[in-house]
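Taken together, the values in this text are just the output of simple stated rules run on the coordinates, not laboratory data. Since this is a predicted model, take the numbers as computed values, not measurements. Positions of Cβ are generated from backbone atoms using ideal geometry, with glycine treated the same way; all protein chains shown enter the neighbour counts.
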Amino acid sequence: MQRILSWVTALALLAGAAPASAQQPYPSRPITLIVPYAAGGSVDVVARVVANALGQKLSQNVVVENVAGAGGVTGTQRAARAEPDGYTLLFSVESTMAIAKLVQPHVVQYDSQKDFAPISLIGTSPLVLVGKKDLPASTIAELMVLLRANPGKYSYASSGVGTSLQVAGEMINIEGKVQMVHVPYRVGSQIVTDLMGNQIDLAVLPLVMALPSYRNGNIKIFGITEPERSSLAPGLPSLAEQPELKNVSMTVWYGLFAPAKVDPAIIDRIYHALAAALREPELQAKLADVNLRVVGSSPAEFAKFLADEIAKFAAVVKAANIKAE
């Protein structure tokens, strides 16, 4: 009887040890990268470039899955509920991770700081304040004078209520003590068309969207919304160079996240692979082509950045009473 019990004990110990000994190093199968926006859009384009480079460094396929809907909320919520095994990641931006919960608190069911583990801030791209060609101001200083002399007369367009573009516009209103009237659009390209047709006075747009029409002389650019001039367009002033707008700081950013509770060792593995990819000149050149400045922050740095962004945007959303519900 004692011999039988010894055999049972030995078998139990072997069974318990088997999974650990048989465990494969990460990643042992393809990784799904959820992009909460439609295929072919600006976020998707950057995500696919990054996914390909990351897959090469990890020696494993990183497959993009577009889960569009509700301005990025649908896909983000799916990522938050994914198994925390490192095989589902999220490629996201400031609108869904730092603003959505502030402007749609009853719609957004995830908490970007509690439900996700930041991996790396991949890069940033500035927004710009633009104006129609016939606007009687050519510099940001002249524009501030014009807006203060005519409160509520001039309108600015954005891609919708509660978007980062509107938050940037309201940040300018608050810091500059002016009253541009917000006009939400559904399609960004229509904003450029209406600016060129003198249907709208001003707009906040991504740099990449505004540059072609600016270079053709069809619209004006008054400045970028980042604190310093962008290396992507060094000839354009920063709005912060105007004294009253020194605190204007808004950027489009792209980051990589994992569901919360993913093993820190896996987070570290992904981060170092991504950091190595972002140091490659070829990848940097591809990202520069879409006006993206590479950052490549660590998980800890990205977590702090995200917290600071949420706090900054919360103050603007409250002061401007921005609601998207």
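Based on the mean of other beta carbon atoms within 10 Å per residue, what is the order of 91-100, 266-275, most packed first?
Ranking the peptides 91-100, 266-275 by packing returns 91-100, 266-275.
Go through 132/312; 114/261; 153/177; 101/318; 220/323 and tell me which ones have a Cα-Cα distance over 19 Å in this structure.
132/312; 220/323
Starting from 0 in steps of 10 Å, tell me what percent of the Cα-Cα pairs of segment 201-325 lands in each bin.
Whole-percent P(r) values from 0 Å outward: 10, 31, 34, 20, 4, 0.
Remind me, relative contact order of segment 194-325 in percent, using alpha carbon pairs under 8 angstrom and six or more residues apart?
15
Need one number: nm distance between label points at residue 282 and residue 52, each 7 Å from Cα along Cα→Cβ, rounded to one decimal.
Result: 0.9 nm between the two label points.
Cα axis of helix 299-320 to longest principal axis of the chain: angle in degrees, 0 to 90, nearest 10?
That helix lies at roughly 40 degrees to the long axis.
Please state the charge dipole magnitude for the chain, taken about the Cα centre, from unit charges on C-beta atoms (+1 on K and R, -1 on D and E), reported in debye and rounded to the nearest 20.
220
Given a cut-off of 18 Å, what percent of all Cα-Cα pairs of segment 108-204 lie beyond it?
Here the tail beyond 18 Å accounts for 52 percent of pairs.
Once the dipole of the chain is set up with Lys and Arg at +1 and Asp and Glu at -1 on Cβ about the Cα centre, which of 147, 314, 213 lies farthest towards its positive end?
Of the options given, the answer is 314.
Given Cα pairs under 8 Å that are at least 6 residues apart, what percent is the relative contact order of the chain?
About 25 percent, as a whole number.
Where a ≥ b ≥ c are the square roots of the eigenvalues of the C-alpha gyration tensor, would you call segment 66-128 rounded, which needs a/c under 1.5, or, failing that, prolate if a/b is larger than b/c, or oblate?
Verdict is oblate for segment 66-128.
For the chain, what does the helix formula give at 222 nm: sum of -39500 (n - 2.57) over DSSP H segments with n ≥ 4, over the residue count, nearest 500 deg cm²/dmol?
That comes out to -13000 deg cm²/dmol.
Whole-Hz Karplus ³J(HN,Hα) for segment 243-256, in order, using 6.51 cos²θ - 1.76 cosθ + 1.60 and θ = phi - 60°, x for Gly and Pro?
Each residue's phi maps through the Karplus curve to give x, 6, 10, 4, 9, 6, 8, 8, 9, 7, 10, 10, x, 10 Hz.
Enumerate the amide H contacts of residue 181 below 5 Å, restricted to partners 5 or more residues apart or on another chain; note that Pro and chain-start residues carry no placed amide H.
154, 155, 156
From the list [x] 23.4, 99; [y] 19.7, 59; [z] 23.1, 92, can you say which value of Rg and Dmax of the Cα atoms in Å was derived from the structure given?
[x]
Take the alpha-carbon centre of segment 263-325, take the same for segment 25-50, and report the distance between them in whole Å.
Segment 263-325 and segment 25-50 have Cα centres spaced 15 Å from each other.
Can you give the extra length, in nm with one decimal, that the chain gains between residue 179 and residue 323 once fully stretched, where that is 0.36 nm per residue apart less the Cα-Cα distance?
That works out to 50.0 nm of additional length.
Each label point is 7 Å from the Cα along the Cα-to-Cβ direction; what then is the distance between the points at residue 301 and residue 61, in nm?
3.3
At a Cα cut-off below 18 Å, give the aspartates and glutamates reachable from residue 57, other chains included and same-chain residues fewer than 8 away excluded.
268, 280, 282
Suppose R0 equals 35 Å. What FRET efficiency, 1/(1 + (r/R0)^6) with r the Cβ-Cβ distance, do residue 190 and residue 272 give to the nearest 0.05?
Efficiency computed from Cβ-Cβ geometry: 0.25.
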